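Peer 1: I'd like to ask some things about the structure below.
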Amino acid sequence: MEVSVIGSSQLNLGRIDNVALCNLRKNWNSNILNFKNYSKGCNLVQSRRFLWPSRSAILSLRASSAAQNQPLVYQKASNTATNTTIDGTKLYVGLPLDTVSSCNSINHARAIAAGLKALKLLGVDGVELPVWWGVAEQARGKYEWSSYLAEVEMVKSLDLELHVSLCFHASKDPKLPLPEWVSLIGESDPSIYFTDKSGQQYKDCLSLGVDDVPVLDGMTPLEVYKEFLESFKSSFSPFMGSTITGLTIGLGPDGELRYPSQRATSASLVGSGEFQCYDVNMLSQLKQHAESHGNPLWGLGGPHDAPGYDESPMARGFFAENGGAWENQYGDFFLSWYSSQLISHGDRVLSMAASTFSDDPVSLSGKIPLVHSWSKARSHPSELTAGFYNTAGRDGYGAVAEMFSRNSCQVILPGFDLSDDRQPAESWSSPETLLAAMQASCKKHKTVVSGQNALACGAPRSFEQISKNLMGENVVAKLFTYQRMGAEFFSPEHFPRFTQFVRGLNEPAPLVDDLAMEDEESAESLSGMSMQMQTA
């Protein structure tokens, strides 16, 4: 199997063979390529083709059935796409979470190579690449970057920009675990993980309670993270500030600054999550905090009347709309401590990253979640368990935005695709209101914002909502990253909509007819695969 990177000077525009998208989907889960074979050539099977948007510059793959297994040939055309920016907002697309597998091999190599060319010609500014701690540092202090370097070279060859997400967490699907040596430590010392009130550990990232505790072979997690960042900086220095324009620093579960409060144990999604303060180190810090405030009994654990994962937050007293403990002196004590621990963790990690990359011309960012379920309740219970002390009468995001601004880091906000009218009534959810409040807090503290979608390859109305959030009067986003490339992304049901969305950012009323398939048979040949929602 051979893959080559074809420079932008060789690209052709106008029409695209059906096979390009067909093979992207058909080979998505079967193409695993070691980086050593990366630059030897490219053989993509080609067949029928479909019409591409007539008013946009796109890709042409010209071939006949007799030309199967011949290298792709691209030719320069005059109708060239321009980069898509809206008042300075750039558009990126996220690469698959498992672009590099847990075995440190390149996945989907041919599919990604062809997909990058299509994005380049569509006018997308760049892509986002997840880089996993558990992949690059499988043995303590020994880093293997070769597969990631090959991906960066691929992006560079097409003159695309690259934003790298440095992931200090694990993923269950696709399976991308923490470093094996860390998991072995966790087997003998489970206190390194977040723990709920029933003693259940969350093993996909380390507890913020051990940030400064030497639990990793005599080193603290912050020291280990810093060594990882320094190794990355050294290995990727030729690309920093040119191809690599930004870095996202992982801050917790799914890379976000939050507690892993949502761990539903049934099909029910009515719960607001549980507080995650029951590992040995968090309990010790809570105890000290309570004693320093003269109330040692408050340091024995989290609220006793908080509901379980699958219970309505109104089922018990703590989050009650009227007279709930969240409003009394104890509630304020606990929630202030709980949220301050999260903010302090973010400050420690981001300040360490800022000092590491202080002389590199790249932007730094971190992600905070849009915890919109139950946001219509006065207590905002889902936000409280996630670590954000945000209620009907209190701004919980100002201190977070100020912390990011102090470290010269941008905030990534997901949920630009979510609208209130598509939320079930029983969720008490208002993502639009919450997103607006979070953006207002960032604007107040002069914190630069980047946006993302929450649902991968969502419904057509998702693009309408994204456009609304990117083109509204109070837009503050400087970068929007659409998540995420994969089989469904290139399906005939989705990719024409994405193309229309990109065109619509510069052309308010694109013609749907321009996106029509050549015939029904072409559409059928592209269907049949799906890819679930992924986040980084």
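Only the coordinates and a few stated rules stand behind these numbers; no lab work does. All figures in this text were calculated on a predicted structure; none of them were measured in a lab. Glycine gets a Cβ as well: all are built from the backbone with ideal geometry, and neighbour counts include every protein chain shown.
Peer 1: Among the GluC sites (Glu not before Pro) in the range 428-483, which ones are in a DSSP loop with at most 13 other Cβ atoms within 10 Å of the Cβ? Mind listing them?
Peer 2: When the GluC sites (Glu not before Pro) of the range 428-483 are filtered for loop state and at most 13 Cβ neighbours within 10 Å, Glu473 remain.
Peer 1: Ok, one more. Working out 0.36 nm times the residue gap between Arg394 and Ser351, then minus their Cα-Cα distance, what length gain in nm do you get to one decimal?
Peer 2: Here the answer is 12.8 nm.
Peer 1: Rounded to the nearest 20 Debye, what is the dipole magnitude of the range 144-185 about its Cα centre when Lys and Arg each give +1 and Asp and Glu each give -1 at the C-beta?
Peer 2: Numbers: 3 positive and 7 negative charges, 42 e Å.
About 200 debye.
Peer 1: Right, another one. HN-Hα J couplings of the range 167-184 from phi, Karplus 6.51/-1.76/1.60, θ = phi - 60°, integer Hz, Gly and Pro as x?
Peer 2: 9, 9, 10, 10, 10, 7, 8, x, 6, 9, x, 5, x, 4, 5, 6, 4, 5
Peer 1: Can you tell me, using C-alpha contacts under 8 Å and at least 6 residues apart, the relative contact order of the range 184-317 as a whole percent?
Peer 2: Relative CO of the range 184-317 lands at 24 percent.
Peer 1: Lys197 to Lys172: FRET efficiency via 1/(1 + (r/R0)^6), r the Cβ-Cβ distance, R0 25 Å, to the nearest 0.05?
Peer 2: Taking R0 as 25 Å, the efficiency between Lys197 and Lys172 is 0.65.
Peer 1: I've got another one for you. What are the ³J(HN,Hα) values, in whole Hz, obtained from phi via the Karplus relation 6.51 cos²θ - 1.76 cosθ + 1.60 with θ = phi - 60°, for each residue of the range 352-368 in sequence order, with x given for Gly and Pro?
Peer 2: The phi angles translate into 5, 5, 4, 6, 5, 10, 4, 9, 10, x, 10, 7, 10, 8, x, 10, 10 Hz.
Peer 1: Modelled label-to-label distance, Asp420 and Asp159, 7 Å Cα→beta-carbon offset: nm?
Peer 2: Result: 4.5 nm between the two label points.
Peer 1: For Val127, list long-range residues whose amide hydrogen, built 1.01 Å from N in the peptide plane, is under 5 Å from its own amide hydrogen.
Peer 2: When sequence neighbours closer than 5 places are left aside, the close amide H contacts are Val93, Glu161, Leu162, His163.
Peer 1: Can you list the residues, at least 5 places off or on another chain, whose amide H is less than 5 Å from the amide H of Leu479, using H built in the peptide plane?
Peer 2: Residues meeting the criterion, in which the H sits 1.01 Å from N, are Lys90, Gly451.
Peer 1: Turning to a different aspect of this structure: Mind giving me the nanometre distance, one decimal, between the label points for Ser344 and Glu187, set 7 Å out from Cα along Cα→Cβ?
Peer 2: In this crude spin-label approximation the distance works out to 3.3 nm.
Peer 1: Turning to a different aspect of this structure: In square nanometres, what is one fourth of the surface area of the convex hull spanned by the alpha carbons of the range 365-471? Provide the component values of the computation, followed by the final result.
Peer 2: Details: hull surface 26.5 nm².
Computed as one quarter of the Cα hull surface, the answer is 6.6 nm².
Peer 1: Which far-off residues, 5 or more places away or on another chain, put their amide H under 5 Å from the one on Leu364, with H placed in the peptide plane?
Peer 2: For Leu364, the qualifying residues are Leu247, Gln410.
Peer 1: Name the shape class, rounded, prolate or oblate, that the alpha-carbon gyration tensor gives for the range 288-418, where a ≥ b ≥ c are the square roots of its eigenvalues, rounded holds for a/c under 1.5, and otherwise prolate holds if a/b is larger than b/c and oblate otherwise.
Peer 2: Note, shape of the range 288-418 comes out oblate.
Peer 1: Further question on the same structure: Report the full-extension gain for the segment Ser408 to Leu300: residue separation times 0.36 nm, less the Cα-Cα distance, to one decimal in nm.
Peer 2: Fully extending the segment from Ser408 to Leu300 adds 35.2 nm.
Peer 1: Is there a quick way to get the dipole size of the range 413-508? I mean about its Cα centre, with the Cβ of Lys and Arg at +1 and of Asp and Glu at -1; what is the value in debye to the nearest 20?
Peer 2: 460
Peer 1: While we're looking at this one, here's another question. Quote the FRET efficiency, to the nearest 0.05, computed for Leu149 versus Glu464 with a Förster distance R0 of 35 Å and r equal to the Cβ-Cβ distance. Please list the in-between numbers first.
Peer 2: On the way: r = 39 Å, r/R0 = 1.11.
Computed FRET efficiency for Leu149 and Glu464: 0.35.
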